[in-house]
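Take a look at the structure below.
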Amino acid sequence: MSAERLEPDSAAAAAELTRAAAAARRSLLPCGRHTRLRRHFPDAAPAAWLSLRRLDRIRSVDADDQTCVVEPGVSEHALNEAVAPHGLELGAAAPCAREGTLGGLFLAPDVSLLRAPWGPPRDQVLGASWLLSDGTPVRSGARVVKSVAGYDVTRLFLGSRGRLAACTELTLRLRPRPRAPRWYRVPPVQLRAWLHPDPRQRVPARLLFQVDGALWAQTDGVDVAGALHAGRVDAAEGLAAFERCRAAFGAAAQRAALPFSAAAALAGLAVAADLLAASFAADDAGAAAAALGLEAGLCRVVPQPAPSPWLERLQQACAPAAVPFGGGP
Amino acid sequence: MSALAAELRRIVGTAAVRDDPAGLLAYESDALTLFRCKPAAVVLPGTRDQLIEVVAALHRHDVPFTARGAGTGLSGGALVPEGGVILGLARLNRILEVRPEDACAVVEPGVVNAELSRAVERWGLRYAPDPASQNVCTVGGNLAENAGGPHCFRHGMTAQHVLSAEVLLADGSVETWGTTLAAEDDLDLRGFLVGSEGSVGVALRIGVRLIPLPECVVTLFGAYDSVQDACATVSDIVAAGLTPVALEVMDQKAVAAVEASLYRAGYPLEAGAVLLVEVEGPAQKTRDDADEIEAFLRRRRPLRVERAATPEQRLALWKGRKGAGGALGRLGPDSYVMDGVVPRSRLAQVMDYVDQVEAESGLPVANLFHAGDGNIHPHFSYDARDPQQARAVEEAGARILRRCLQLGGSLTGEHGIGLEKQAFLGEQFGAADIALMERLRRAFNPRDRLNPGKGLPLGRGCAESFHRHGGYRA
Ligand SMILES: Cc1cc2nc3c(=O)[nH]c(=O)nc-3n(C[C@H](O)[C@H](O)[C@H](O)COP(=O)(O)OP(=O)(O)OC[C@H]3O[C@@H](n4cnc5c(N)ncnc54)[C@H](O)[C@@H]3O)c2cc1C
């Protein structure tokens, strides 16, 4: 982590630095604020970091169309503050809402705490601007909520952890904020209500997470107190628990998850399970299971993804003549 | 070809290879009849292993090929240039696995969209993407086009529902991209495959997400004087923070066509536009949302408002919308169904422009559109045998697509670029963006043998080598 950190304050400056590095055959690795780097790149050793954190302007918010254009250094928190007056929010919730960058959220593996209503984070990205490792600027996707023109380069680059391209701008879909949020504190044993084998019998929750040994749920206008034997709590208490959960999740080096068969039942799929395990250290999946009243074997640690054999070929395709991003010193 | 044909027959059996003129006829176009091209042969493998062996043989013989599902594509995607082979996947139609507790299934590519939903209904599940062609089109074709449908306003496109795919690459090798388990992928190749229009790989097995059937569904209907009023009502609903599952509009000409057909739904003929809104979810909340939506529907001087809560009533309201494609197809000898996108707030503006193009071109246009998504489908009726009309329809289409781009939209929301819109891709993307897409294509499909000439303006084998306007009449 001691490598030089380049911190351009505009896309043009980032392009300039990238071209210079390419000319010197120096490998850069794009990054945000390093909040989650240890988890995503335990052994990264680029010649220099290309941090996009100073690209932190909200370019435009189109409230009618529920889209916005932002630079990747904007934090989830800052974006939500800006769009809340329109009754909107980002349809993804990252572990690091304040410190992390949106670039980091979308370029990392697909993890969101708001997955139940809106799907994984990548589904919120409509288009983006990128720099290839030779400094060429390219655009992908569109500014509208639906477009299948050309290849889905956006999805290919998202989740690549910066090894295919550096993100300089994101066009995002915004979602309506819950109109009637209700918060509940749920006895952990009631988790089973979410795990009901019949999907129709499962309790609808926008958010479901575990922190400090308790389960918490948020619904939008749906009363689940009876179904869950849960106590309604006020929004401040619910939000505070949510922030604690985010922090715990952000601090965990690894995450444990319920197996998919249980996690999928949460409607929020794997990510709800991430959250359930969030407050547990590293690989302590057994403890996660115990706290939820499940058999120990039901929780497991999600492994780091195996390196894709396509990486090198695709890096080559992105910038045939240049040293790829993240390609070692 | 004859040596290859013999080899193909050995692999799949004699009856599953067609190279006679009559047998090839059905494969010379998809549902966009603007382009035609007769393949050298059609192969209909009956098993996954046969399909793999067929592609290995095509690889050895260096013959280009294109996968085909049901051939309902609307951008000319399922055609192959002369000398090429069509891989018909309709026989690979098995649902291999349903894991209800995991809410996912693994299917072969030829499974028909609506049949998948029917098959999982008994577990309280459904497959969400619902293109209007869902009774015919295949999950493989949906994957390749990233198909949408009326309900994708809330549930998302096919890309949001494909979890994994076993992929057969152009050289005959097989890989699995994505997973139906809670795991992370190093690179989202699955995401890149979806919407790649059959030019990255052939999907052999597809892992799909299933979602629970809703506890309660309410469909609402409003008839208005004008398309503008219908669009404004859509904006009112969305601006209030409501997220219905579907927001569909049909204009007067579409209503007239439907009401004159066997899909008659009792929509008022005097309406300038009709709007269908559907909400679903937990019973109480859904009814509350429906009340609120009903109030919005009444706000802009509707000619009529209806609310359907029983399945029969809902079906009756949807009947006209679901049958609209078929009804419009009967308006003229040929149809051209377009697919453009604008920001939702620009819908009224683009519809005005479509009216203007209609007036200037003299060609009748009917409109139905996914209003929530800003996705328009102007439907031209024309006679392809009249070269003047054929030219006029292409010109009119080009004007509308360019207008979509000017308004900040996209050339296509769900039908794909195919052969139809290649020439315009350079107006939506810059040269460097397209060059990057070309290099990515070559990384997966180095010799461009897999669905050559589609999706990107590649020059070689592109639209010109296919015959336009039904010009091919052998
Ligand atoms: C009346 C009508 C209504 C329609 N409504 C809609 C709608 O609401 N929304 C919408 O999105 N579309 C709609 N369409 C368009 C069309 O139905 C969709 O694009 C559909 O996804 C195509 O499926 P198919 O099986 O017919 O594919 P085909 O037309 O056979 O093929 C389409 C493309 O997919 C490729 N392909 C097929 N199978 C595979 C595979 N296994 N692996 C890789 N590539 C493959 C082909 O090479 C081709 O490029 C409509 C069409 C009609 C005729």
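The values are calculated or read from the model by the stated rules, or taken from the named source; none is laboratory data. Bear in mind that the values here come from a model prediction, so they are computed numbers and not experimental data. Glycine gets a Cβ as well: all are built from the backbone with ideal geometry, and neighbour counts include every protein chain shown.
Restricting attention to region B:372-420 and to residues that are within 12 Å of chain A (Cβ to nearest Cβ) and part of a helix (DSSP H, G or I), the residue that is nearest to the chain's Cα centre (by Cα) turns out to be B:Asp373. Within region A:54-95, the residues that satisfy the criterion of being outside any strand (DSSP E or B), surrounded by 24 or more Cβ atoms within 10 Å (Cβ to Cβ) and more than 15 Å from the chain's Cα centre (by Cα) are A:Leu55, A:Gln66, A:Glu71.
Of the residues A:Leu158, A:Leu126, the single one that is touching a residue at least 40 places away in the same chain (Cβ under 8 Å) and more than 8 Å from chain B (Cβ to nearest Cβ) is A:Leu126. Restricting the search to region A:104-121, which residues are under 9 Å from the mean Cα position of the chain (by Cα) and either not in a loop (DSSP other than H, G, I, E, B) or not hydroxyl-bearing (Ser, Thr, Tyr) (or both)? Once the filter is applied, which keeps residues that are under 9 Å from the mean Cα position of the chain (by Cα) and either not in a loop (DSSP other than H, G, I, E, B) or not hydroxyl-bearing (Ser, Thr, Tyr) (or both), region A:104-121 yields A:Gly104, A:Leu105, A:Phe106, A:Leu107, A:Ala108, A:Pro109, A:Asp110, A:Val111, A:Leu113, A:Pro120, A:Pro121.
If the condition is being assigned to a helix (DSSP H, G or I) and surrounded by fewer than 18 Cβ atoms within 10 Å (Cβ to Cβ), then region B:28-51 contributes only B:Asp49. Filtering region B:402-439 to residues that are touching a residue at least 40 places away in the same chain (Cβ under 8 Å) and surrounded by fewer than 23 Cβ atoms within 10 Å (Cβ to Cβ) leaves B:Arg403, B:Leu407, B:Gly408, B:Gln422, B:Ala423. For region B:112-127, state whether one or more residues are among the hydrophobic types (A, V, I, L, M, F, W, C), in contact (Cβ under 8 Å) with a residue 40 or more places away in the chain and closer than 20 Å to B:His415 by Cβ. Checking region B:112-127: at least one residue is among the hydrophobic types (A, V, I, L, M, F, W, C), in contact (Cβ under 8 Å) with a residue 40 or more places away in the chain and closer than 20 Å to B:His415 by Cβ. Just so you know, in region B:109-125 the residues that are within 12 Å of the ligand (Cβ to nearest atom) and buried (at least 24 other Cβ atoms within 10 Å of the Cβ) include one that is farthest from B:Asn93 (Cα to Cα), and it is B:Asn113.
Modelled with pLDDT under 95 and away from the ligand (no atom under 16 Å from the Cβ) - does that describe any residue in region B:26-36? Within region B:26-36, none of the residues are modelled with pLDDT under 95 and away from the ligand (no atom under 16 Å from the Cβ).
The set of residues in region B:349-371 that are within 16 Å of the ligand (Cβ to nearest atom) and assigned to a strand (DSSP E or B) comprises B:Ala366, B:Asn367, B:Leu368, B:Phe369, B:His370.
Going by the conditions given, is B:Phe429 among the aromatic types (Phe, Trp, Tyr) and in contact with a strand residue (DSSP E or B) (Cβ under 8 Å, 6 or more places away or on another chain)?
The answer is yes for B:Phe429.
Of all residues in region B:100-125, those satisfying the criterion of being within 15 Å of B:His151 (Cβ to Cβ) and either of a type in the set (D, E, K, R) or within 14 Å of another protein chain (Cβ to nearest Cβ) (or both) are B:Ser117, B:Leu125. Does B:Gly281 qualify as being under 30 Å from B:Gln388 (Cα atoms), touching a residue at least 24 places away in the same chain (Cβ under 8 Å) and of a type in the set (Gly, Ala, Ser)? No. For region A:35-57, indicate whether the set of residues that are under 25 Å from B:Val245 (Cβ atoms), touching a residue at least 40 places away in the same chain (Cβ under 8 Å) and polar (S, T, N, Q) is non-empty. No, because not a single residue in region A:35-57 is under 25 Å from B:Val245 (Cβ atoms), touching a residue at least 40 places away in the same chain (Cβ under 8 Å) and polar (S, T, N, Q). Taking the criterion of being within 8 Å of the ligand (Cβ to nearest atom) and within 14 Å of another protein chain (Cβ to nearest Cβ), the residues of region B:74-99 that qualify are B:Leu74, B:Ser75, B:Gly77.
Report whether or not B:Glu121 is assigned to a helix (DSSP H, G or I) and within 30 Å of B:Leu242 (Cβ to Cβ). First the steps, then the outcome.
Details: assigned to a helix (DSSP H, G or I): yes; within 30 Å of B:Leu242 (Cβ to Cβ): yes.
Answer is yes for this residue.
Listed by first and then second residue, the pairs linking a residue in region B:326-337 that is near the ligand (Cβ under 9 Å from one of its atoms) to a residue that is at pLDDT below 90 and in a loop (DSSP other than H, G, I, E, B), with Cβ atoms under 9 Å apart and 6 or more places separating them unless they lie on different chains, are B:Val337/B:Leu32. Just a yes or no: is a residue in region B:235-245 within 16 Å of the ligand (Cβ to nearest atom) and touching a residue at least 12 places away in the same chain (Cβ under 8 Å)? Yes, region B:235-245 has at least one match. The listed residues are B:Glu394, B:Glu427, B:Glu414, and the only one of them that is modelled with pLDDT of 95 or more, more than 16 Å from the ligand (Cβ to nearest atom) and not basic (Lys, Arg) turns out to be B:Glu427.
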